[in-house]
Amino acid sequence: MLEFATTERKLAQNELIVSKTNLKGHITYINDVFSDISDFRLKDVLNKPHSMIRHENMPRCVFQLLWERLQSGREIFAYVVNVTKDNDYYWVFAHVTPSRNAKGEITSYHSNRRAPSQKAIEKISALYDILLREEKSHSNRKAGQKAGYAKLQEILKEKGVDYDEFILSL
């Protein structure tokens, strides 16, 4: 199971974190809920990579899947653990979508994040622990990410579900 050395912060059930990024994943907008839970203000994060809030216990291979989906024009749902300005952490259930212009071209990305259930966090933590161990067993970060991605696909195949079915079943 994942271990954390800092304090967990929790979103209220009625709160919604919103952020927007450009095509490179650099932050262009955050709402007040994002600021309240993370202690980052827009001036702290504007034009910086959204990955700056990725917690070390968040497998890189999940973000590989996220970017593959988004760049192909598809939405994705994912459980994500983020880090705050003070190194506390918080879990979210994220829905990330490409935003399009009138011609249908992807111009940016939009993410809405809600509070996940404790049951979902427990289940996804067990999976992320496996994926992180796989990623960390390689000395090269890119090789670790690739191996974690392969491990994720292997686990999904063993369960007989695709990624979306698995995530939405939690």
Being loosely packed, with under 13 Cβ neighbours inside 10 Å and in contact with a His (Cβ under 6 Å, 6 or more places away or on another chain) narrows it down to one residue among Asn82, Asn101, Asn47; which is it? Asn47
Enumeration of residues in the stretch 50-62 that are part of a helix (DSSP H, G or I) and touching a Gly at 6+ places or on another chain (Cβ under 9 Å): His50, Ser51, Arg60, Cys61, Val62
Counting only residues that are part of a helix (DSSP H, G or I) and either in contact (Cβ under 8 Å) with a residue 40 or more places away in the chain or polar (S, T, N, Q) (or both), the stretch 1-49 contains a total of 4
When the stretch 109-119 is examined, which residues are found to be surrounded by fewer than 16 Cβ atoms within 10 Å (Cβ to Cβ) and either at positive phi or not in a strand (DSSP E or B) (or both)? Ser117, Gln118, Lys119
What are the residue pairs meeting all of these: first residue in the stretch 63-78, first residue outside any helix (DSSP H, G or I), second residue small (Gly, Ala, Ser) and at pLDDT 95 or above, Cβ atoms under 6 Å, and 6 or more apart or on different chains? Ala78/Ala94
Is it the case that Tyr128 is touching a Pro at 6+ places or on another chain (Cβ under 9 Å), outside any loop (DSSP other than H, G, I, E, B) and either among the basic types (Lys, Arg) or closer than 22 Å to Gln71 by Cβ (or both)? no
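The values are calculated or read from the model by the stated rules, or taken from the named source; none is laboratory data. Worth saying up front: this structure is predicted, and the values here are computed from it rather than measured. Neighbour counts are summed over all protein chains in view; Cβ atoms, including those assigned to glycine, are modelled from backbone coordinates with ideal geometry.
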